[in-house]
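Below: the structure, in structure tokens.
Read the figures in this text as sums done on the coordinates, not as results from a lab. Remember, predicted model here, so these are calculated numbers, not experimental data. In this analysis, Cβ positions are derived from the backbone assuming ideal geometry, glycine residues included, and neighbour counts consider all displayed protein chains.
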Protein chains: 2
Amino acid sequence: MSQTLVFKALSDPTRLSIIDLLKERDRTAGDIADQFNMTKPSISHHLNTLQSAGLVLSERNGQHIIYSLNTTVFQDVVKWMMDISRKENES
Amino acid sequence: MSQTLVFKALSDPTRLSIIDLLKERDRTAGDIADQFNMTKPSISHHLNTLQSAGLVLSERNGQHIIYSLNTTVFQDVVKWMMDISRKENES
DNA sequence: CCTTTATTTAGATGTTTACCTAATTATCTA
DNA sequence: TAGATAATTAGGTAAACATCTAAATAAAGG
């Protein structure tokens, strides 16, 4: 996991909203795009950014591509962050 | 705390390195700049980005400005992330 | 006060990013 | 296999970002 890549993927409001949607349930690309006032290609680009960072997974199901959260990467980031909260001089 | 602003601040390798340095101990702006192959104004800009996101705090001490981590914001992000790991359909 | 040291602000420039429209690829079904 | 539907890739543009040099601000010390 590239730390920078993950944070870059999380640094856009549209992508954070996509994560919120996927938190409820897995969704197709079109389903996700319908929730936004933005073209499908733009959403596709955002999904690709999230996937490149390892934050989401995709699986084709016939004509549809279903996106889901990859929670393990979130857990890795949590570990890194908790380690910061617990600073050297406080450990 | 603006989620997007925090992640944007974390999405740069130089800024992540600055956080690593501050994890060891509080440091002056010049001390931080000395650790990088980059001009002081550039580092100053990065510190400003981190501070705007609430990730670091600064305090003037005579000629020096001392930077430190604001761990509470990291903890807030951890909470948000842990909530994602624990998805609706799994709770 | 004048000089030195520490740091930031301003202004300029090349690169990256987010978005759009148009075109392409992949799959399903009649 | 032709037409419809789902999604991505390609190409272009405007805004944002990282970096630099030069100039400005702030404090310390002779």
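Looking across segment B:60-75 at every residue that is more than 14 Å from B:Arg27 (Cβ to Cβ) and in contact with a helix residue (DSSP H, G or I) (Cβ under 8 Å, 6 or more places away or on another chain), the one that is farthest from the other protein chains (Cβ to nearest Cβ) is identified as B:Val73. State which residue is surrounded by the fewest Cβ atoms within 10 Å (Cβ to Cβ) when the search covers only segment A:10-37 and only residues that are basic (Lys, Arg), within 11 Å of another protein chain (Cβ to nearest Cβ) and touching a residue at least 12 places away in the same chain (Cβ under 8 Å). The selected residue is A:Lys23.
Every condition in (1) in a helix (DSSP H, G or I); (2) within 12 Å of DNA strand D (Cβ to nearest atom) is met by A:Met81 except one, and the failing one is (2).
Of all residues in segment B:49-72, those that are free of Cβ contacts under 8 Å to residues at least 60 places away in the same chain have Cβ atoms under 6 Å from Cβ atoms of residues that are more than 11 Å from DNA strand C (Cβ to nearest atom) and among the hydroxyl-bearing types (Ser, Thr, Tyr), 6 or more apart or on another chain, in B:Leu57/B:Ser68; B:Thr71/A:Ser85. Quick check: is even one residue across segment B:49-59 more than 14 Å from chain A (Cβ to nearest Cβ) and either more than 9 Å from DNA strand C (Cβ to nearest atom) or loosely packed, with under 13 Cβ neighbours inside 10 Å (or both)? For segment B:49-59, residues more than 14 Å from chain A (Cβ to nearest Cβ) and either more than 9 Å from DNA strand C (Cβ to nearest atom) or loosely packed, with under 13 Cβ neighbours inside 10 Å (or both): present. Considering only segment A:11-32, state which residues are near DNA strand C (Cβ under 10 Å from one of its atoms), part of a helix (DSSP H, G or I) and touching a Leu at 6+ places or on another chain (Cβ under 9 Å). Listed by number, the list holds a single entry, A:Arg15.
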